[in-house]
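Readers should treat all values here as calculations from the given coordinates under stated rules, not as data from a laboratory. For clarity, every value in this text was computed on a predicted model and none was experimentally measured. Cβ: placed from backbone, ideal geometry, glycine included. Neighbour counts: every protein chain shown.
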Amino acid sequence: MRRLTFRASLAAGSLLWATGASSLALASATGAPGLFSITLAPASPNASGVIPSMDVSVTVSGVRAEAGETVVRLPSSLHTVVTSAKDITALSAADDAGPLAVKAVDDPAGDAITYRAWVADRPVRGTLRFSYRVPVDAARPPIAKPQYELRTSHATISGAAASFLPLPDDSTPRRVEVRWDLSAFEGGGQAADLLGASSFGLGNVRTTNAYKPEQIFSTYIMAGAPGLFKTEQGGFFSVWQGQPPFPAEHLMQWAADLQQFYGDFFQHMPETFGVFMRPNPVNPGSGIGLTHSFAFTYNHASEPEGMRGLLAHEMLHAWVRSFDSQDYEGGGLAASWFGEGLAVHYQRLLPYRAGLMTQAEFLEDLNRTAARYYTNIKINTPNADIPAGFWRDTRVRVLPYDRGSLYFAKVDADIRAASGGQRSLDDLVRAMLNTRLRGEPMNLALWLRLLREELGETGLREFEAMLAGGTVLPPSDAFGPCFQRTTKPLRRFDLGFDPDSLLQAPKIVRGLKPESEAAVAGLREGDEILNTFSQDGLQANQTAYLTLQIRRDGEEHTIRYQPRGETVSAYQWEPNPANAGKAECRAPKVQEAAR
């Protein structure tokens with residue numbers, strides 16, 4: 001009996017676990033898929049452009065739950081982000097037998113994800129209908145965390161479904177219908193300026209494919225008066241909240257060109273793909289991968305050059321994701337070396353091949369990853385320890401990205417060498433994605449089988465060494481004859497105090513290192529840190545400074561320093577002067593029109 005069941009189904013860095021292809025296979029095995037229909041009606045914005053609430057109406061076919069079991073559920077805390085689960089008001093529900101009396105029950109023991117469930121006092125059968133209002137707190141301070149939560153500004157509302165949309169506690173794939181009611185905006189602007197968009201497309205949409213509840217959780221919405229870019233063909237679109245400090249249309253044209261190249265490379269193109277962009281002054285450049293889409297943030301100083309790498313990475317997750325099943329304890333976090341490592345590997349390689357990235361930009365991206373990896377004092381952390389430290393220590397959190405990408409670069413070089421240049425990592429990745437598209441499991445067992453076929457037992461031993469925390473070192477020519485490996489003196493990332501200090505409330509400095517840059521700049525044991533900041537990007541930037549707003553003895557102070565420690569010799573890559581004159585090593589003609 002499924003009594004008050006809670007299932008963690010959202011992965012780190014990306015909400016997505018499954019794919020539309022696998023859900024279609026399941027649907028075909030169980031008959032014609034049912035329908036999940038949602039109508040979203042944002043309230044009228046006030047004079048400041050704030051939308052105070054949104055009314056939500058949902059109809060779901062094929063729901064079954066016994067008395068006291070979970071009917072629908074919604075994360076109340078999602079990777080430390082507080083959602084709207086406990087703010088929902090006026091929830092009413094009914095099924096085929098009539099009105100339902102439901103009550104909210106909270107998960108008493110959550111970790112990265114905690115849930116609020118709604119249970120009924122009698123069995124639920126057939127078509128479930130429920131509606132509610134979700135308020136939006138415009139005064140809520142911005143957060144340096146994944147951008148799941150509902151936000152409103154500029155007469156627009158945005159957020160991930162996982163932050164406001166309760167869904168059935170089942171695995172049933174259903175077709176999705178999204179409808180928008182923007183009638184509250186009448187009289188407040190031109191009708192042509194109003195738009196509702198979701199990960200499933202622009203305006204009112206109904207999908208042909210069926211999606212599981214966890215895939216619907218992993219979608220985004222934006223409605224009101226957003227900016228808009230869309231291609232005439234190909235199904236690519238972008239909407240943004242506010243006014244970015246750069247021409248968003250130019251950046252999105254670059255992204256559309258790259259997405260088309262991805263589709264050609266992976267030999268499969270999603271019917272639609274959406275990019276959602278909204279402001280965040282404390283954590284610009286943060287992105288989350290979603291079903292057929294992704295969302296990211298900007299601030300007043302954001303530049304398109306910095307956004308292109310984020311776009312290249314997150315758009316890859318429409319193809320490159322984690323395994324279909326949990327092959328490790330810890331689930332998606334323990335397997336993130338695969339999905340995130342591949343995405344980092346290809347985020348520089350494919351734009352470079354497409355002529356959308358210069359050689360200098362390619363090397364900058366590669367060397368940023370290599371610098372962060374080879375200076376990371378946690379470099380030898382075993383993969384099995386990643387889940388426990390992922391959300392606690394930024395140095396552990398970036399390891400799957402950095403280690404995974406350099407591992408795949410080495411595998412690529414090894415396959416090319418073993419096959420005399422006839423095969424590469426690309427062939428393995430396409431084979432895995434084709435397996436998934438056929439509705440078959442794309443899992444660790446498949447990867448190991450393909451790896452053995454290419455590199456034999458040596459490849460398997462090196463894979464196990466990587467998982468055990470062994471340092472990964474691609475050969476000098478791993479990125480082609482145009483580049484060679486070198487070493488440079490670089491400094492380790494070091495906050496100067498115990499990183500756990502930032503996980504407490506209040507954030508009190510503990511474990512201050514007396515000789516650290518932080519201590520030299522004036523930070524003291526027991527200081528309270530008042531501001532929030534992203535650490536992942538700091539690690540990759542050798543020259544970046546960290547500014548802390550602190551409180552000491554009732555007075556506030558500002559402390560600025562470089563969060564760096566000892567100097568070590570780190571691997572980097574540079575142009576190979578011996579091959580500079582070869583045709584393949586001349587700087588490619590970059591498509592400036594799309595930049």
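Using only Cα atoms, what Kirkwood radius does segment 285-440 have, in angstroms?
Values: mean 1/r = 0.0600 Å⁻¹.
Taking the inverse mean of 1/r over all distinct Cα pairs, segment 285-440 comes out at 16.7 Å.
Determine the dipole magnitude for segment 336-476: charges of +1 sit on the beta-carbon of Lys and Arg, -1 on that of Asp and Glu, nothing else is charged, the reference point is the Cα centre, and the result goes in debye to the nearest 20. Don't skip to the answer; put the middle values down first.
On the way: 18 positive and 17 negative charges, 43 e Å.
Dipole of segment 336-476, to the nearest 20 debye: 200 debye.
Amide H to amide H, which residues 5 or more places from ASN531 or on other chains are under 5 Å from it, using H placed in the peptide plane?
GLN549
Using every Cα-Cα pair within the chain, state what percent have a distance larger than 32 Å. Display every interim value, and only then the final one.
Details: 86560 of 176715 pairs.
Roughly 49 percent, once rounded to a whole number.
Using only Cα atoms, tell me the angle between helix 336-353 and the longest principal axis of the chain; keep it within 0 to 90° and round to the nearest 10.
Around 70 degrees separate the two axes.
Can you give me the distance in nm between label points at LEU35 and GLU249, each placed 7 Å from the Cα along the Cα-to-Cβ direction?
Between LEU35 and GLU249, the simple spin-label model gives 3.7 nm.
For ASP55 and ALA580, what does the FRET efficiency come to when R0 = 60 Å and r is the distance between their Cβ atoms, rounded to the nearest 0.05?
0.45
Karplus couplings for segment 464-474 from phi (6.51 cos²θ - 1.76 cosθ + 1.60, θ = phi - 60°), rounded to Hz, Gly and Pro as x?
5, 5, 4, 5, 6, x, x, 5, 8, 9, x
Suppose R0 equals 35 Å; then what is the FRET efficiency for LYS86 and ARG125 from their Cβ-Cβ distance, rounded to the nearest 0.05? It would help to have the intermediate numbers written out before the result.
Numbers: r = 28 Å, r/R0 = 0.80.
So, using R0 = 35 Å, E works out to roughly 0.80.
Filter LYS230/LYS410; LYS103/LYS507; LYS145/LYS488; LYS378/LYS410 down to the pairs with a C-alpha to C-alpha distance above 26 Å, please. Could the numbers behind the result be given before it?
Values: LYS230/LYS410 38 Å; LYS103/LYS507 35 Å; LYS145/LYS488 32 Å; LYS378/LYS410 20 Å.
Too far apart for the 26 Å limit: LYS230/LYS410; LYS103/LYS507; LYS145/LYS488.
Using every alpha carbon pair in segment 20-316, what percent of pairs falls into each 5 Å bin from 0 up to the bin containing the largest distance?
Each 5 Å bin holds this share of Cα pairs: 1, 5, 12, 16, 18, 17, 14, 9, 5, 2, 1, 0.
How long are the three semi-axes of the equivalent ellipsoid for segment 495-562, computed from the Cα gyration tensor as the root of 5 times each eigenvalue, in whole Å, largest first? Let's see the in-between values first.
On the way: eigenvalues 64, 35, 28 Å².
Listed largest to smallest, the semi-axes of segment 495-562 are 18, 13, 12 Å.
How high is the relative contact order of segment 194-250, given as a whole-number percent (alpha carbon pairs under 8 Å, six or more residues apart)?
Details: 58 pairs, mean separation 18.4, N = 57.
Normalised by residue count, the contact order of segment 194-250 is 32 percent.
Taking Cα pairs under 8 Å and at least six residues apart, what relative contact order does the chain come out at, in percent?
Details: 1284 pairs, mean separation 71.1, N = 595.
Result for the chain is 12 percent.
Go through segment 392-408 residue by residue and turn each phi into a ³J(HN,Hα) via Karplus (6.51, -1.76, 1.60, θ = phi - 60°); whole Hz please, and just put x for glycine and proline.
9, 9, 4, 5, 7, 4, 7, 4, x, 5, 6, 4, x, 5, 6, 4, 5
Give the average over all directions of the projected area of the C-alpha convex hull of segment 415-551, one decimal, in nm². Intermediate values should be presented prior to the final figure.
Details: hull surface 52.6 nm².
Mean projected area of the Cα convex hull: 13.1 nm².
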